[in-house]
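Peer 1: Take a look at the following structure, please.
The values are calculated or read from the model by the stated rules, or taken from the named source; none is laboratory data. On a predicted model such as this, the values are computed, not experimentally measured, just so you know. In this analysis, Cβ positions are derived from the backbone assuming ideal geometry, glycine residues included, and neighbour counts consider all displayed protein chains. Heavy atoms of the whole protein, side chains included, go into the accessibility calculation; ligands, DNA and RNA do not. Shrake-Rupley method; radii C 1.70, N 1.55, O 1.52, S 1.80 Å.
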Amino acid sequence: MKVLVDGDILTYRAAFSCANDSIDDAFEYMDGLIDEIVGEVLWDGDLSNLEVFITGKGNFRYDVQPTYKQNRSGKPKPEHLPDLREYLWQEYDAKVSEGQEADDDITIRATELGPSTVIASIDKDFLQVPCWHYNLNKKTMTQVSPFEGLKFVYGQILMGDAADNVFGLKGIGLVKSKKMLEGAKTERELYERCVAAYGGNTEKVVENARLLWLRRKEGEMWQPPVVH
């Protein structure tokens, strides 16, 4: 069993938690976070089954919509963040993404490995990925099926994601989006429900999908489901 770790979450957590401490304290805190994942999820303790991912340069989503994550620009970042990213790369052989987010790298890897894989994060976006999910905050393990993952993505298309500056339908939250997709049996039905909700505006549905959907293969771009 492989455990894929969201290193971006760990670096920010360690950097904020140790903002008033030395960098060595921050490194020790990071080691503690990794040890916790190993103890809770990687029961055999074999670190070769632990893979860490961090976001690097470039993101194809800015070509889809230049305002993607624009709401985060200009915000100060914690002092130890660069050193902690380097520490993950040096000490835990973290993979650094290029042209996409670490989330995409994690999802691509999880797709390669199959549904027995565990993703360790607190990022809700991963709930579109059919595998096991370990929540670093709640210390819980949940499993997502392929169709549950699809419904999650289409729910996001309807709601948008304020954290990423992706706009959905006004007044549509989690409860309403679930109700709008209720009873759909295929991905095509999910897609058609979204298109109808957007008044036939397929361009907006496709744009939101390409911003919110995580890649399953390198270089892949989301496409509407075909009619079989």
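Peer 1: All but one of (1) closer than 30 Å to I34 by Cβ; (2) open to solvent by less than 70 Å² (accessible area, probe 1.4 Å) hold for W132; state the number of the condition that does not hold.
Peer 2: Failed condition: (2).
Peer 1: Being over 20 Å from R215 (Cβ atoms), outside any helix (DSSP H, G or I) and in contact with a helix residue (DSSP H, G or I) (Cβ under 9 Å, 6 or more places away or on another chain) is the filter here; which residues of region 147-177 pass it?
Peer 2: F167, G168, L169, I172, G173
Peer 1: Could you list, in sequence order, all residues of region 126-146 that are touching a strand residue (DSSP E or B) at 6+ places or on another chain (Cβ under 8 Å) and not in a loop (DSSP other than H, G, I, E, B)?
Peer 2: Listed by number, the residues that qualify are F126, L127, W132, H133, Y134, N135, T140, M141, T142, Q143.
Peer 1: State all residues of region 140-152 that are touching a Leu at 6+ places or on another chain (Cβ under 7 Å) and open to solvent by 60 Å² or more (accessible area, probe 1.4 Å); if no residue qualifies, say none.
Peer 2: K151
Peer 1: Then there's this: Does G155 fit the bill of being without any contact (Cβ under 8 Å) to a residue 40 or more places away in the chain and open to solvent by 30 Å² or more (accessible area, probe 1.4 Å)?
Peer 2: When the stated conditions are applied, G155 does not pass them.
Peer 1: Okay, moving on. Taking region 107-116 as the search range and keeping residues that are out of contact with any Ser or Thr (no Cβ under 9 Å at 6 or more places or on another chain) and among the aliphatic types (A, V, I, L, M), which one is surrounded by the fewest Cβ atoms within 10 Å (Cβ to Cβ)?
Peer 2: L113
Peer 1: Any idea which of Q65, Q90, Q70 is open to solvent by 40 Å² or more (accessible area, probe 1.4 Å), among the polar types (S, T, N, Q), over 14 Å from the mean Cα position of the chain (by Cα) and under 20 Å from R215 (Cα atoms)?
Peer 2: Q65
Peer 1: With within 24 Å of R210 (Cβ to Cβ) and under 19 Å from the mean Cα position of the chain (by Cα) as the only criterion, which of S116, S121 stands out?
Peer 2: S121
Peer 1: Right, next: Specify the residue that is nearest to G160 (Cα to Cα); the eligible residues are those in region 200-228 that are among the β-branched types (V, I, T) and exposed (fewer than 10 other Cβ atoms within 10 Å of the Cβ).
Peer 2: Per the criteria, the residue is V226.
Peer 1: Here are D125, D104: which of them is in contact with a Leu (Cβ under 6 Å, 6 or more places away or on another chain) and crowded, with 19+ Cβ neighbours inside 10 Å?
Peer 2: Result of the check over D125, D104: D104.
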